[in-house]
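Engineer: First the structure, then my questions, so here it is.
The values are calculated or read from the model by the stated rules, or taken from the named source; none is laboratory data. Computed from a predicted structure; not experimentally measured. Heads up, the Cβs are rebuilt from the backbone with ideal geometry, glycines too, and the neighbour counts pull from every protein chain shown. Protein only, heavy atoms only, side chains kept; ligands, DNA and RNA dropped before computing areas. Shrake-Rupley method; radii C 1.70, N 1.55, O 1.52, S 1.80 Å.
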Amino acid sequence: MRYRVTLACTLIGVALCLFNATGYDPHNLFLSMFSVPMWFVELFGDIHQVNVWFMYVLTVLSWALIGYLSDLAIARTQSRRSA
């Protein structure tokens, strides 16, 4: 199985975190829209109480997990077609 979607999604997560860390997203607008762990932090607590580097790591890991699950679904679909 090739991990193309996993790599692409991981790069999206890294780009999102770098975009936020460079200061081009000063109000965390893009990070709060596209980071799944950030959704849960906003639901259950204050965003300013959480370590931003921890959120960056969780964001990259969650995007990598989304990509991996997508690669698994693609591999299953392709194996069903060939069988």
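Engineer: Filter region 16-70 down to residues that are in a helix (DSSP H, G or I) and among the hydroxyl-bearing types (Ser, Thr, Tyr), then give me how many there are.
Structural biologist: So the answer is 6.
Engineer: Let me ask something else about it. Can you say whether ALA83 is more than 12 Å from the chain's Cα centre (by Cα), among the aliphatic types (A, V, I, L, M) and open to solvent by less than 90 Å² (accessible area, probe 1.4 Å), as far as the supplied structure shows?
Structural biologist: Taking the combined requirement at face value, the residue does not satisfy it.
Engineer: Of all residues in region 33-52, which are open to solvent by less than 40 Å² (accessible area, probe 1.4 Å) and either of a type in the set (Lys, Arg) or farther than 17 Å from ILE66 by Cβ (or both)?
Structural biologist: Residue satisfying the conditions is VAL41 alone.
Engineer: Confirm whether THR6 is part of a helix (DSSP H, G or I), of a type in the set (Val, Ile, Thr) and more than 15 Å from the chain's Cα centre (by Cα).
Structural biologist: No.
Engineer: If GLY13 satisfies every condition in (1) in contact with a Ser or Thr (Cβ under 8 Å, 6 or more places away or on another chain); (2) among the small types (Gly, Ala, Ser); (3) over 29 Å from GLN78 (Cα atoms) but one, which is the exception?
Structural biologist: Result: GLY13 fails condition (3) only.
Engineer: Next question. Inspect all residues belonging to region 54-73 and state whether any of them is β-branched (Val, Ile, Thr), under 18 Å from the mean Cα position of the chain (by Cα) and open to solvent by 60 Å² or more (accessible area, probe 1.4 Å). Lay out the reasoning, then the answer.
Structural biologist: Kept after step one, since they are β-branched (Val, Ile, Thr), are these residues of region 54-73: 57, 59-60, 66.
From what's left, under 18 Å from the mean Cα position of the chain (by Cα): 57, 59-60, 66.
Pick out the ones that are also open to solvent by 60 Å² or more (accessible area, probe 1.4 Å) and you get 57, 66.
The answer is yes, given that some residue of region 54-73 is β-branched (Val, Ile, Thr), under 18 Å from the mean Cα position of the chain (by Cα) and open to solvent by 60 Å² or more (accessible area, probe 1.4 Å).
Engineer: Now a separate question. I want to confirm something. Restricting to region 29-73 and keeping residues that are of a type in the set (Val, Ile, Thr) and modelled with pLDDT under 95, which single residue is nearest to LEU7 (Cα to Cα)? Reasoning before the result, please.
Structural biologist: Applying the first criterion (of a type in the set (Val, Ile, Thr)) to region 29-73 yields 36, 41, 47, 50, 52, 57, 59-60, 66.
Now restrict to residues that are modelled with pLDDT under 95: 36, 41, 47, 50, 52.
Details: VAL36: 18, VAL41: 25, ILE47: 28, VAL50: 27, VAL52: 23 Å.
Only one residue fits best here, namely VAL36.
Engineer: If VAL5 satisfies all but one of (1) without any contact (Cβ under 8 Å) to a residue 12 or more places away in the chain; (2) surrounded by 16 or more Cβ atoms within 10 Å (Cβ to Cβ), what's the number of the condition it fails?
Structural biologist: The number of the failed condition is (1).
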